[in-house]
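I have placed the structure first, in the form of structure tokens, so that the comments after it can refer back to it.
The values are calculated or read from the model by the stated rules, or taken from the named source; none is laboratory data. Nothing here was measured: the structure is a model prediction, and the numbers come from that model. Neighbour counts run over all protein chains shown; Cβ positions are idealised from the backbone, glycine included. Only protein heavy atoms, including side chains, enter the accessible area calculation; ligands, DNA and RNA are left aside. Shrake-Rupley method; radii C 1.70, N 1.55, O 1.52, S 1.80 Å.
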Amino acid sequence: MAKGFNALVFADNLGKARHAAVDPTTGTVFVKLDRLKDGKGIVQLSDTDGDGRADQTVAFGTYPGTGAGIYNGYLYASADTAVFRYKLTNGKVMETTQPETILTGVQLQRQHASKSLAVSPDGKLYVNFGAPSNACQEKDRTQGSKGQDPCPILENYGGIWVFDANKPNQKQSDGKRYATGIRNAVALDWNTANNTLYALQHGRDMLATLYPDLYTNEQSAELPNEEFLMVKEGADFGWPYCYN
């Protein structure tokens, strides 16, 4: 360990944690759970005495999911079929606070359903719509099945859509496809230093299983790389036609 550096366990035993967001004024940490724990899907953690460990834990929200973000005094949190926001009071969600629905009506998919999200300083909400497929084959994950060209899944999935972060009850059709060719952006964040969206893409699977004459098990485990993307409006990152 480097001199002058140490790490503490801020909180543990929270459940299946996915994304976290930190209120910039109070340091309150919000953790989104992929599975409910004791019937709750969001954990609010506070360090009231400044020792680097959470000493107040409050759980709320009755839906599992992935995304979490802070914008303009609100906590944004996602289920697999919706995005909600909670008004913050002194950096916390109060027991009586009810969620406001921002995105609704999203059809639940069996694969890559999690709605990772990010909010830009100008009030735009970016949401991942992962492709419910491995590589857009005619028969998904089936050896010898050909890929579809053009891939019809890209009409509604396999990309990032942008919405108004302040407008309630939006449908996917109310948003705009911001970038495409992204199989599943498991993480999104807005970089305020260069005013740009970034994403981490989860690449395709099963190369050795689907194409045993072309790929070894080692290659299948390592390819394609999980790409870190700088996402500009209109960008196409190539799924399912290619990978780097």
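Yes or no, residue by residue, for (1) surrounded by 11 or more Cβ atoms within 10 Å (Cβ to Cβ); (2) in contact (Cβ under 8 Å) with a residue 24 or more places away in the chain; (3) touching a Cys at 6+ places or on another chain (Cβ under 7 Å); (4) small (Gly, Ala, Ser):
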position: Ala193; (1), (2), (3), (4): no, no, no, yes
position: Thr196; (1), (2), (3), (4): yes, yes, no, no
position: Asp205; (1), (2), (3), (4): yes, yes, no, no
position: Asp213; (1), (2), (3), (4): no, no, no, no
position: Leu229; (1), (2), (3), (4): yes, yes, no, no
position: Tyr241; (1), (2), (3), (4): yes, yes, no, no
Kindly check whether there is at least one residue in segment 131-138 that is in contact with a Ser or Thr (Cβ under 6 Å, 6 or more places away or on another chain) and not hydrophobic (A, V, I, L, M, F, W, C).
yes
Of (1) assigned to a strand (DSSP E or B); (2) in contact (Cβ under 8 Å) with a residue 40 or more places away in the chain; (3) of a type outside the set (Val, Ile, Thr), Gly65 fails just (1)
Kindly indicate the residue of segment 78-121 that is touching a residue at least 40 places away in the same chain (Cβ under 8 Å), more than 16 Å from the chain's Cα centre (by Cα) and not in a loop (DSSP other than H, G, I, E, B) and also surrounded by the fewest Cβ atoms within 10 Å (Cβ to Cβ) among those meeting that condition.
Thr101
Among the residues that make up segment 157-171, is at least one of them of a type in the set (Val, Ile, Thr), in a strand (DSSP E or B) and open to solvent by less than 30 Å² (accessible area, probe 1.4 Å)?
yes
On the given criteria, is Gly144 farther than 20 Å from Leu108 by Cα, in a loop (DSSP other than H, G, I, E, B), open to solvent by 50 Å² or more (accessible area, probe 1.4 Å) and modelled with pLDDT of 95 or more?
no
Which of the residues belonging to segment 172-191 are open to solvent by less than 60 Å² (accessible area, probe 1.4 Å) and within 14 Å of the chain's Cα centre (by Cα)?
Ile182, Arg183, Asn184, Ala185, Val186, Ala187, Leu188, Trp190
